[in-house]
Amino acid sequence: MKPVNEQTIKELGKRFERLIFKDITAKEMEDYLDKSIAYNVRSVLVRPYWLKLAQEKLKGTDIIIGTGGSFPYGNDLPTVKELAAKEAVAMGYNDFEMTINHKALNSGFPEIVEKEIKLLRKATEGIELKIILEVCMLTDDKIRQVCKICVDNGVNFVKSSTGQFQGPTLEQACIMVDAVKDTKTQPKVSGVKFPKPQNALMYMMAGIQVIGGQETFEMIEGIRFIRERGIIPGAI
């Protein structure tokens with residue numbers, strides 16, 4: 001993959017994933033999906049009742065359609081998470097995200113997190129799996145610990161946050177980058193805080209591969225502005 005500053009805006013689109021979880025009308029959903037195509041985003045996350053519309057609108061594109069569960073606390077039993085993943089696969093999703101039980105991890109039960117990740121990987125065989133750490137709840141060592149479990153079990157992405165609490169610090173993002181370096185697991189950040197375009201750009205320059213959120217179009221436009229002003233040189 002090209003360095004961030006060498007990617008065109010169209011290429012940068014594939015570094016962003018659009019979360020569409022708020023209450024909207026069918027017309028608004030269609031507009032979001034049209035914009036997702038125009039901005040060339042990597043994926044969209046939609047609730048199950050919008051899946052059919054998303055499949056129809058995105059047919060013929062390479063945009064991934066995802067969903068998730070156990071937001072934001074990750075308290076569900078591993079078998080409940082497994083069932084949710086199986087249901088998502090059966091419905092036709094090709095991306096699934098799940099929050100770890102960080103309270104169990106912090107209470108001294110890492111085996112619960114390892115069990116749920118193993119079950120999820122098996123349940124989502126053939127589609128993309130993202131494990132959400134909620135790093136603001138974890139120490140640096142626990143971030144590394146979960147990243148290793150994800151790497152060992154063939155998870156596609158470790159994701160920093162649900163976006164419901166505090167997003168990751170740059171230091172925490174770098175811990176994730178280092179923990180999965182030279183593996184098939186990639187780091188993703190969500191919960192980017194204001195100013196979002198500048199922070200998103202910084203995360204990517206630090207090695208984060210994908211940025212997720214509800215304001216991805218705005219972040220892409222902000223990066224376009226930064227480049228057009230010559231603040232940070234790069235391809236337009």
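A few points about this structure:
- Under the Karplus curve 6.51 cos²θ - 1.76 cosθ + 1.60, θ = phi - 60°, whole-Hz ³J(HN,Hα) for the range 229-236, x wherever Gly or Pro sits: 7, x, 5, 10, x, x, 5, 9
- Taking θ as phi - 60° and the Karplus parameters 6.51, -1.76 and 1.60, the scalar couplings of the range 157-166 work out to 9, 9, 10, 5, 8, 7, x, 8, 10, 7 Hz in sequence order, x denoting glycine and proline.
- Taking every C-alpha pair closer than 8 Å and separated by at least 6 residues, the mean separation divided by the residue count of the range 166-236 gives a relative contact order of 28 percent.
- Here the range 4-115 has 54 percent of its accessible surface on carbon and sulfur atoms, given a 1.4 Å probe and all protein chains in place.
- Here the range 78-102 and the range 113-187 have alpha carbon centers that stand 15 Å from each other.
- Rounded to 0.05, the FRET efficiency of the residue 184 and residue 10 pair, given R0 = 30 Å and the Cβ-Cβ distance, is 0.70.
- Sum of side-chain charges, residue 219 neighbourhood, beta-carbon under 12 Å (Lys, Arg +1; Asp, Glu -1): +1
- Modelled label positions at residue 139 and residue 109, each set 7 Å beyond Cα in the direction of Cβ, lie 2.0 nm from each other.
- Descending principal axes extents, the chain, alpha-carbon based, whole Å: 50, 39, 29
- For the range 142-156, 3J(HN,Hα) computed residue by residue from phi via the Karplus equation (6.51, -1.76, 1.60; θ = phi - 60°) reads 6, 4, 4, 4, 5, 4, 5, 4, 5, 4, 5, 10, x, 5, 6 Hz, glycine and proline entered as x.
- With contacts taken as Cα pairs under 8 Å at a separation of at least 6 residues, the chain carries a relative contact order of 20 percent.
- Per residue accessible area in Å² of the chain, where ligands, DNA and RNA are left out and the probe is 1.4 Å: 47 Å²
- Each Lys or Arg adds one and each Asp or Glu subtracts one; over the other residues with Cβ under 13 Å from the Cβ of residue 85, this totals -2.
- Taking a point 7 Å from the Cα of residue 166 along the Cα-to-Cβ direction, the residues of the range 112-141 with backbone N closer than 17 Å to it are 133-141.
- Neighbourhood net charge (14 Å Cβ-Cβ; Lys/Arg +1, Asp/Glu -1) for residue 120: -2
- A Gaussian network model of the chain, with springs between Cα atoms under 10 Å, assigns the largest mean-square fluctuation among 28, 171, 215 to 28.
The values are calculated or read from the model by the stated rules, or taken from the named source; none is laboratory data. Note that this is a predicted model, so its numbers are computed, not measured. So basically every Cβ, Gly included, is an ideal-geometry build from the backbone, and we count neighbours across all protein chains shown. Note: areas computed on protein heavy atoms with side chains; ligands, DNA, RNA excluded. Shrake-Rupley method; radii C 1.70, N 1.55, O 1.52, S 1.80 Å.
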